[in-house]
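Peer 1: One structure, as structure tokens, below. Some questions next.
None of the figures in this text is laboratory data; all of them are computed from the coordinates on show. Keep in mind it's a predicted model, so treat the numbers as computed, not measured. Please note: Cβ atoms are built from the backbone with ideal geometry, for glycine as well, and neighbour counts cover all protein chains shown.
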Amino acid sequence: MGRESLIDEIRTKLGDAVEGVSDSFGDPVLTVRPSSLRSLMTALRDAPFDYAVLLDLTCVDFAAGEGRFELVYHLYSLSRNVRLRLKASLSASDPVAETLTGLWKNADWLEREVFDMFGVRFTGHPDLRRLLTYEGFEGHPLRKSYPWRLAQPRIPMKDKV
Amino acid sequence: MSGLDFLTTRLETALGWGRKYSLFHYPFITACCGMEYMSAACAHFDIDRFGAGLTRFSPRQADLLLVVGTVTHKLAPVLKTVYDQMLEPKWVIAFGACAVSGGIYQNYAVVQGIDRVIPVDVYIPGCPPRPETVLDGLMKLQDKIQHQKQDWRWAGKA
């Protein structure tokens, strides 16, 4: 399946969920509606698209606006050796998305990391705890609204003179 | 037996001499500085020439704590526990910019120098420090040990 026919196929089969298609260094980028993420991903994972690997999931905080948070998914097809990036904007007041843990096992920790760092909730996640920071940590450190250099020590720290 | 049948010394001097040349170190390695520690510890630069070659992997058997690399707030209680588990007399070297001051990291995660958690005897700067700098730091520690009070009950140590 060539590049153009792939985009056409996605548009034909999953056109409702796709808001836009662009290009990044030769790889296709789809902008999608967050509400249809799960059904879209289910279709993309299996034949004929066959994106079997969830390479990465991360988030971007654009600091302001209704679509302040943007989830970024990277998919990879082993059989066709091609990559695909998907982006979904989430609301600033209540960033929430559906979990993909049922599709890819590694989505578990990737979603926990995004939750920990950005405070995005994933509905249906089996165990949405913090991953990198520790119990008792308040706030989400990679949000632009997190105070600059604010540390939250677990034990008393001596001050420097 | 001919020649030297006895020698005179002070107890403090003899103890200091013994202690500075028999450092058992515990490597607390968390980051890339560990590579530099390895080259300092192995045959090329060889800290064994200074009597500090015996690496112990239990803090209970060590008297020199080498903190090599970045210490985060998540890790700080572990470092404190390791230090508390070591028997007196004990010394600490902060190895590399991160252990000394937090290095390039000033954010929510990184402790701004391990001396905020435990007392430090010698600071070795550099990102990472060259092995020669490490050897220089080790010799500075030996000098410090030689001239320290050698009370074996370690009274009066801050």
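Peer 1: Kyte-Doolittle mean at least 0.0 and Cα extent at least 24 Å along the axis: which DSSP H helices of chain B qualify?
Peer 2: none
Peer 1: While we're looking at this one, here's another question. Name the residue farthest towards the positive end of the dipole of the protein assembly as shown from the options A:99, B:122, A:131, assuming +1 on Cβ of Lys and Arg, -1 on Cβ of Asp and Glu, about the Cα centre.
Peer 2: B:122
Peer 1: Taking the alpha-carbon distance from residue A:87 and a cut-off under 28 Å, which lysines remain once sequence neighbours fewer than 8 residues away in the same chain are dropped?
Peer 2: A:13, A:105, A:144
Peer 1: Before rounding to the nearest 500, sum -39500 (n - 2.57) across all DSSP H runs of length at least 4 in chain A and divide by the residue total; then give [θ] at 222 nm in deg cm²/dmol.
Peer 2: -6000 deg cm²/dmol
Peer 1: Relative contact order for chain B using alpha-carbon pairs under 8 Å, separation at least 6, rounded to a whole percent?
Peer 2: After rounding, I find 25 percent.
Peer 1: Less than 12 Å Cβ to Cβ from residue B:40, Lys/Arg counted +1 and Asp/Glu -1: what total charge do the surrounding residues give?
Peer 2: Values: positive: B:49, B:130; negative: B:36, B:46, B:48, B:132, B:136.
Net local charge, residue B:40 excluded: -3.
Peer 1: Oh, and also: Using amide H atoms built in the peptide plane, which far-off residues or other-chain residues are under 5 Å from residue A:19 H to H?
Peer 2: A:31, A:32, A:33
Peer 1: Report the full-extension gain for the segment residue B:132 to residue B:88: residue separation times 0.36 nm, less the Cα-Cα distance, to one decimal in nm. Each step should come with its number before you reach the end.
Peer 2: Numbers: separation 44, 0.36 × 44 = 15.84 nm, distance 2.79 nm.
Between residue B:132 and residue B:88, full extension yields an extra 13.0 nm.
Peer 1: Same structure again: Taking amide H positions as placed 1.01 Å from N in the peptide plane, with prolines and chain starts having none, which residues 5 or more places from residue B:54, or on another chain, fall under 5 Å of its amide H?
Peer 2: B:25
Peer 1: If you don't mind, another one. Along Cα→Cβ, 7 Å out, is where each label goes; now give me the distance between the ones at residue A:22 and residue A:123 in nm to one decimal.
Peer 2: 2.8
Peer 1: Pull up all non-local amide H partners of residue A:99: gap of 5 or more, or a different chain, and H-to-H distance under 5 Å with H placed in the peptide plane.
Peer 2: Residues meeting the amide H criterion: A:123, A:125.
Peer 1: Cα-Cα over 18 Å: which of B:20/B:140; B:90/B:149; B:20/B:144; A:158/B:80; A:158/B:74; A:158/B:149?
Peer 2: Violating the 18 Å limit, Cα to Cα: A:158/B:149.
Peer 1: Taking beta carbons within 10 Å but only from partner chains, what does the mean come to for residues B:75-82?
Peer 2: 2
Peer 1: If the chain between residue A:42 and residue A:105 were fully stretched, how many nm would it gain, using 0.36 nm times the residue separation less the Cα-Cα distance? Spell out each step's value before the answer.
Peer 2: Values: separation 63, 0.36 × 63 = 22.68 nm, distance 1.34 nm.
Residue separation times 0.36 nm, minus the Cα-Cα distance, leaves 21.3 nm.
Peer 1: Express as a percent, rounded to the nearest 5, the fraction of DSSP beta bridges in chain A (both residues included) that run antiparallel.
Peer 2: Here the antiparallel bridges make up roughly 75 percent for chain A.
Peer 1: Based on DSSP H runs of at least 4 residues, each adding -39500 (n - 2.57), what is the mean residue ellipticity at 222 nm of chain B after dividing by all its residues, to the nearest 500 deg cm²/dmol?
Peer 2: Dividing the helical sum by the residues of chain B leaves -9500 deg cm²/dmol.
Peer 1: What range in chain B is the longest one free of trypsin sites (Lys or Arg not before Pro) that are in a loop by DSSP and have at most 10 other Cβ atoms within 10 angstrom?
Peer 2: Maximal segment without exposed cleavage sites: B:11-152.
Peer 1: In addition: Run through segment A:1-92 and list the chymotrypsin sites (Phe, Trp or Tyr not before Pro) located in a DSSP loop whose Cβ has at most 12 other Cβ atoms within 10 Å.
Peer 2: When the chymotrypsin sites (Phe, Trp or Tyr not before Pro) of segment A:1-92 are filtered for loop state and at most 12 Cβ neighbours within 10 Å, A:25, A:62 remain.
Peer 1: Now, a different point. If the viscosity is 1.567 mPa s and the temperature 4 °C, what Stokes-Einstein diffusion coefficient in µm²/s follows for segment A:3-123 when Rh is the Kirkwood radius over Cα pairs?
Peer 2: Estimated diffusion coefficient is 89 µm²/s.
Peer 1: Starting from the Cα gyration tensor of the protein assembly as shown, take the square roots of the eigenvalues, sort them a ≥ b ≥ c, and report rounded, prolate or oblate (rounded when a/c is under 1.5, otherwise prolate if a/b is larger than b/c, else oblate).
Peer 2: On the way: a/c = 3.75, a/b = 2.61, b/c = 1.43.
The shape class here is prolate.
Peer 1: Additional query: Gain in length, residue A:144 to residue A:131, computed as 0.36 nm per residue apart minus the alpha-carbon separation, to one decimal in nm?
Peer 2: 2.8 nm
Peer 1: Let me ask you something else. Where the centroid of each part is defined by its Cα atoms, how far is segment B:60-133 from segment B:5-24 in Å?
Peer 2: If you average the Cα positions of each part, the centres end up 28 Å apart.
Peer 1: Still on this structure: Residue by residue, what Karplus-based ³J(HN,Hα) values in Hz, rounded to whole numbers, does segment A:63-76 have, using 6.51, -1.76 and 1.60 with θ = phi - 60° and x for Gly and Pro?
Peer 2: Here the 3J(HN,Hα) series is 6, 8, x, 5, x, 4, 9, 10, 7, 10, 10, 10, 10, 9 Hz.
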